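Report on the following structure.
The values are calculated or read from the model by the stated rules, or taken from the named source; none is laboratory data. Just so we're clear, the structure is a prediction, and the values are computed from it rather than from any experiment. Cβ placement follows ideal geometry from the backbone for every residue including glycine, while neighbour counts extend to all protein chains displayed. With ligands, DNA and RNA removed, areas are computed over all heavy atoms of the protein, side chains included. Shrake-Rupley method; radii C 1.70, N 1.55, O 1.52, S 1.80 Å.
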Amino acid sequence: MSVHPNSLSSQKRLSHLDLLNMRRNNEKISMLTCYDASFASLLDACKVDVLLVGDSLGMVVQGHLSTLPVKMDAMIYHTEAVCRGSHRALIISDMPFGSFQISPQDSFRNAAALMVAGAQMVKIEGGIEMVETTNFLSRRGIPVCAHIGLLPQSVNHLGGYRVQGRDAESVARLRSEALALQEAGACMLLMEAIPAALAASITDDLTIPTIGIGAGAEVSGQVLVLHDMLNISLGKKARFVKNYMDGASSIEDAILCFISEVKAGKFPALEHTYK
Ligand code: KIV
């Protein structure tokens, strides 16, 4: 009989309900991207709460210029590796470009493949246009993390990696999208590159945990791309990235420092946030 890689240890993993309790108890949630078993094991030992198998792997692992070329096969492969390397952290996998935009039914098929690979939640980029799919997946047993604000998969449409939520129309849209996605069943919301005050007020409007990346400190938790915070990614870093290798004696030290700064509300500082 074959044993699913996640089946022996699944009772010990954090669940989305643990994250909800953390939000309710004002305990900040720490999240880092992760793509392989060795880092999964190290991050797990450091007790990071969530491992995000992000489609940023297209840039930091595969060497592409954007996340657009990432395929489902790659997401499955990396999700399986992260699952094999860890036993405590909640695992979220990104749905890559093209895997969830056609129909809720196709999205379910792709999301289910990520869950079979070991994910406990899938992340979907998009606002109002993803409400129906979020509802379809949630009602069929797939926890969804919605992702609003700067959407890297829409870089061509946005005309670049730009901060969102800076004019009245965009502020109103982001606020209503957040509420609609929660209403549709999303059990977590990730907000990327939006002003800190907007992210704080969206967090106040919601009951689900909110995770920020370039969204200020007044959210339920923080995520960074692992290669960015270890200062090994190529190219210009966004304002919200902090180099945790600066002054650290090891990779483990850098990761522990990130987790403790997130838990203490010290990261992000003002210099990492947008007004
Ligand atoms: O793919 C990714 O790394 C992301 C970031 C927002 C963390 O989605």
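Legend: residues Asp49, Asp106, sorted from most to least accessible area (1.4 Å probe; ligands, DNA and RNA excluded), read Asp106, Asp49. Calculate what fraction, in whole %, of the accessible area of the chain sits on carbon and sulfur atoms when a 1.4 Å probe is rolled over the protein chains. Answer for the chain: carbon and sulfur cover 54 percent of the accessible area.
Excluding ligands, DNA and RNA, the accessible surface per residue across the chain is 44 Å² with a 1.4 Å probe. Computed from the C-beta positions of Ala37 and Ser138 and an R0 of 35 Å, the FRET efficiency is 0.75 to the nearest 0.05. In this simple spin-label model, placing a label point 7 Å from the Cα along the Cα-to-Cβ direction at both Leu179 and Glu271 gives a separation of 3.8 nm. With q set to 0.09, 0.11, 0.15, 0.16 Å⁻¹, the log10 of I(q)/I(0) for the chain, from the Debye formula over equal scatterers at the Cα positions, is -0.36, -0.55, -1.11, -1.30. Once the Cα-Cα distance is subtracted from the 0.36 nm per residue extended length, the Glu252 to Leu68 segment shows a gain of 63.2 nm.
With the Kirkwood sum run over all distinct C-alpha pairs, the stretch 32-88 has a hydrodynamic radius of 11.3 Å.
Globularity index of the stretch 146-225 is 0.99 (Cα radius of gyration / 2.2 N^0.38 Å, N = number of residues).
Dipole check for the chain: with +1 at the C-beta of Lys and Arg, -1 at the C-beta of Asp and Glu, and the Cα centre as origin, the magnitude is about 220 Debye. Taking the inverse of the mean reciprocal distance over all distinct Cα pairs, the Kirkwood hydrodynamic radius of the stretch 137-275 comes to 15.8 Å. For His16, the solvent-accessible surface computed with a 1.4 Å probe is close to 60 Å², ligands and nucleic acids excluded.
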